[in-house]
Amino acid sequence: MSVAISSINLAKNFKTYEKNPGIWNSLKSLFHRDYKINSAIQDFNFEIKKGELVALLGPNGAGKTTLMKMMTGIIVPSAGKLSVLGFDPWERDKEFRKKIALVMGQKSQLWWDIPAMDSLLLLQKYYEISDMEFKRRMDELTTLLDVGSKLHIHVRKLSLGERMKLELMACLLHSPDIIFLDEPTIGLDLMAQENIRKFLLDYHRKHSCTMIITSHYMADVEALCQRLVLVMQGRKAFDGPLAEFTQLLGDTREMTFIFDKPISAQEKTFKDYDAVWSPDNQKVDLLVPFPKMRDLTSQILRDFPVTEFSTEKTPIERAMKTFMKNNTHSLQNQFATLNK
Amino acid sequence: MLKAIKNIFILYPSIYRQLFNCALSKATTFRTSFVLIIIMDLIFYASTILSVDVIFQHVPEIGPWNRSEFQFFLSFMLILDNLHMTFLSENFWSFSLDLKSGALDYTILRPVSPIFLTFFKSIRICTLFNTPLVFGLLFYFGHKAGVQPHSYIWLPFLIIMGFLTLALIEIGISLFMFWSVEGNGINFLRMQFQNISRWPDFIFDGLARKILFFAIPVLMVGTPPARFLLNKSDYIPMVFQAVAVPLLLFGVKFLWDKGLLRYESASS
Amino acid sequence: MFFINVQKWWQTIKIWWGQQTAYRLNFFLQVIGPPIVFFCVKASLWKAIFNGIANQKGLDISSTVINGMTLDQMISYHAWAMIVGFLSQGMGSFDLSNDIRLGKISTYLIYPFNFWEYHTAGFLAFQTLQIPTTLLSLLVFSSLKIIALPAISNFILAILVCFVISLFWFSLQYFIGLLAFWLEETWIMRVMINIVTTFLSGAIIPVSFFPEQLQQMLVWSPFPYMIYWPTKIFLGQTESILFGVSILIFWTLIMGFINTTLWKRGLRLYTAAGM
């Protein structure tokens, strides 16, 4: 079967309660709590084929991590169907667990107070990896990740970037079929981020495993993903190739103009183009639909003291911001009508 | 079936061997704690034995036992305490932390029994240095109480039974952390029950004794083995214990499954 | 100036209240539960002991005496010991050692409110939280006729004495917390000191049961004055008040001095290492 993951009408609800400050409210909460139902995921349908590299994106609290945890079997869905590699993740079949791996950028799976090698040897035992296979995997991953000298240092003494590499190594030891990465590059410096991305791409090319990545960094998305699933307020807002997403806003280009003196941000010329001004008001970034480019450029060059200008395809970050801004409102309306 | 046997005899021991290595690695990192914990335990043993000793300077008997017999019972409990300290206790505290931080996610994902990983993952190597001492105390007081050397044939079995009873009760209590917001309070509850188990059953009477023997059977931990060793014909409590252990095992598995259903890991 | 300072203290105390009661079950299980269980175990133990002696000697339980105490007196002793514990052995400065380990003291080096002030406010907050617990225990115990409420003057005296003890106990806990500058795990020291204190203060067995030599040695230590001596005051035996208070104050000052030194040393280590 070529489908790795499929979900139908998947949903997850959480119970939360509010607590207000102050002595009276604290005492009140000793006896009574007002619970609210928070829908983290609603009506989620999607399908991921084996070997795909998919990005799950969305604002904080959108539900990406909840989705990932449902797919790994950590939390149980409230409704709907979910199938991963033919298993119901919630059953947590032992064979299922041997086929998946999860890396969470914000939580470490390596033991903190001992060298990483000890944790890796432990994982070898958990996953019943033979000594020969273990050595082979260790050699391959150590070389790819360039962590040979870090294996015998206490994990808490390593930098974030080094730790992340070892986390990746730990999750790949047992050659999983699906790898879930939850914000793997969070908090890393640019160099470390690039290294991780390069490694993931190389690994994916070599092993054709399925990879699902959540991230806030557009650079991750652009580098790694063929397909983008956008999650907003618990629902699927977009699902398709990355190129399609950037086309969503029409064929727009980002144009940058630099002036030799500050220009007022109130100027009518710039108003319709999502202008982003620099603090000294001498530089502006505009999102301009392609048909309007020539006329707008001539107008600005004529009316303002331009020293430099340039054009680029819309960076995905910009596209994401605009898309989310445009769609939050309409999504909210959609929900409002649904809930009536 | 074959797989289960293979697991018990090959896989889990090899996992545990590596867990032991990890613990050794950790222990040699925290050397001050290593020494301090040994001293702390010694102070605890001294306090336990001496407290009862002081009482016996004023009375000849407590219940049916004289000084040596009572100290013998206490020594047996100290052995269980030593094993508890070594193989179990650290895990109860890390369980509450893992629940809060969501690190339990990783434990659930491993293709290994999560209950085993959760409650037996951390081993305290340093307390093993006190193990000869507590056994020494047992044999010393046993000798004074008139325990025949050949009775000690039963000792490994009795210790395992006592330890299993204690472990299962404490794990069961700890599992209530799935339902409480802040887990550490449950740890203190668990320690209170552990405290109660350090006293023989005849200290309590009436309803308290029935509850603490049959409902939350902490009194079934040390009293049956000690009573049996002191007097072979007093084997009925051991029968109760033998019945209790599988029941407790069942209860723990049930609580774990229910608790996990409730586990919503901390959000990202 | 003074008024602003009082405001800072008041606001800090309120925050401590919030923190200490945030987890209601926790508070009960950690602070109130253990002493109650301890009392029940001791009461059971002594009942069993006294019953044994009574049966053996063929006496009535009320006339059985062990080392000068009847069963009722012994249970009364332990009931008062529990109340003294509530009043004087607080857990006021929650995890001072955590603050050091996690580097939170940096905040207090910058705030116009000292680290020691913050934790002393915690101590005061906790003491007040124990008032309802103490009152409830008094109510329950006296209605069950386990204790007899003493004369008002004795009672007030005992309460004041308990406050002095709580200051000493706080200084001891503070000391253990400060060890976090040097120790990875301070809980070990805490448990050690707890065990020794519990034994030597008469919490398990009245100090009068100890061998003579031990009692003599303990006279100059703070231990008997933490449970045994204040309990006797509640029971109406008020000799050597001045001596007891002096010993406690002496030891509190010693701890204060040690703590100040440790703090200075520790801070030097902390700021040098950029912990």
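At-a-glance table
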| read-out | value |
| --- | --- |
| Complete set of residues in the stretch B:161-202 that are at the interface with chain C (Cβ under 9 Å from one of its Cβ atoms), hydrophobic (A, V, I, L, M, F, W, C) and free of Cβ contacts under 8 Å to residues at least 60 places away in the same chain | B:Val181, B:Phe188, B:Leu189, B:Met191, B:Phe193, B:Ile196, B:Trp199 |
| Residues (surrounded by fewer than 17 Cβ atoms within 10 Å (Cβ to Cβ) and more than 7 Å from chain B (Cβ to nearest Cβ)) located in the stretch A:93-112 | A:Asp93, A:Glu95, A:Trp112 |
| Complete set of residues in the stretch A:60-82 that are away from every other protein chain (no Cβ under 12 Å) and either surrounded by fewer than 17 Cβ atoms within 10 Å (Cβ to Cβ) or of a type in the set (A, V, I, L, M) (or both) | A:Ala79, A:Lys81, A:Leu82 |
| Test: residue in the stretch B:179-198 that is at pLDDT 90 or above and not in a helix (DSSP H, G or I) | yes |
| Residue check, C:Phe163 modelled with pLDDT of 95 or more, surrounded by fewer than 19 Cβ atoms within 10 Å (Cβ to Cβ) and more than 12 Å from chain B (Cβ to nearest Cβ) | no |
| Filtered residues of the stretch B:114-147 (kept if without any contact (Cβ under 8 Å) to a residue 40 or more places away in the chain and aliphatic (A, V, I, L, M)) | B:Leu117 |
| So B:Ile108, is it closer than 21 Å to B:Val218 by Cα, over 19 Å from the mean Cα position of the chain (by Cα) and either crowded, with 21+ Cβ neighbours inside 10 Å or modelled with pLDDT under 95 (or both) | no |
| Helices (runs of 4 or more DSSP H) wholly inside the stretch C:136-223 containing at least 3 residues that are under 18 Å from the mean Cα position of the chain (by Cα) and small (Gly, Ala, Ser) | C:152-178 |
| Output for the stretch B:47-106, where each listed residue is in contact with a helix residue (DSSP H, G or I) (Cβ under 7 Å, 6 or more places away or on another chain), of a type in the set (Gly, Ala, Ser) and within 14 Å of B:Glu170 (Cβ to Cβ) | B:Ser96 |
| Selected residue (only one of C:Ile53, C:Ile32, C:Ile4, C:Ile13 is assigned to a helix (DSSP H, G or I) and within 19 Å of C:Ile205 (Cβ to Cβ)) | C:Ile53 |
| Condition met for A:Leu102 (within 23 Å of A:Ala219 (Cα to Cα) and either within 23 Å of the chain's Cα centre (by Cα) or in a strand (DSSP E or B) (or both)) | yes |
| Enumeration of residues in the stretch C:11-62 that are at the interface with another protein chain (Cβ under 7 Å from one of its Cβ atoms) and among the hydroxyl-bearing types (Ser, Thr, Tyr) | C:Thr21, C:Tyr23, C:Ser44 |
| Criterion (in contact (Cβ under 8 Å) with a residue 60 or more places away in the chain and either in the same structural domain as A:Ala101 (by TED's automatic domain parsing) or out of contact with any His (no Cβ under 9 Å at 6 or more places or on another chain) (or both)) met by exactly one of A:Ile153, A:Ile186 | A:Ile186 |
| Criterion: touching a residue at least 40 places away in the same chain (Cβ under 8 Å), of a type in the set (A, V, I, L, M) and out of contact with any His (no Cβ under 8 Å at 6 or more places or on another chain) - qualifying residue of B:Val54, B:Val35 | B:Val35 |
| Output for the stretch A:226-274, where each listed residue is surrounded by 15 or more Cβ atoms within 10 Å (Cβ to Cβ), among the charged types (D, E, K, R) and part of a helix (DSSP H, G or I) | none |
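The values are calculated or read from the model by the stated rules, or taken from the named source; none is laboratory data. The shown structure was predicted, so the numbers you read here are calculated from the model rather than taken from an experiment. Every residue, glycine among them, receives a Cβ derived from its backbone with ideal geometry; neighbour counts consider all protein chains shown.
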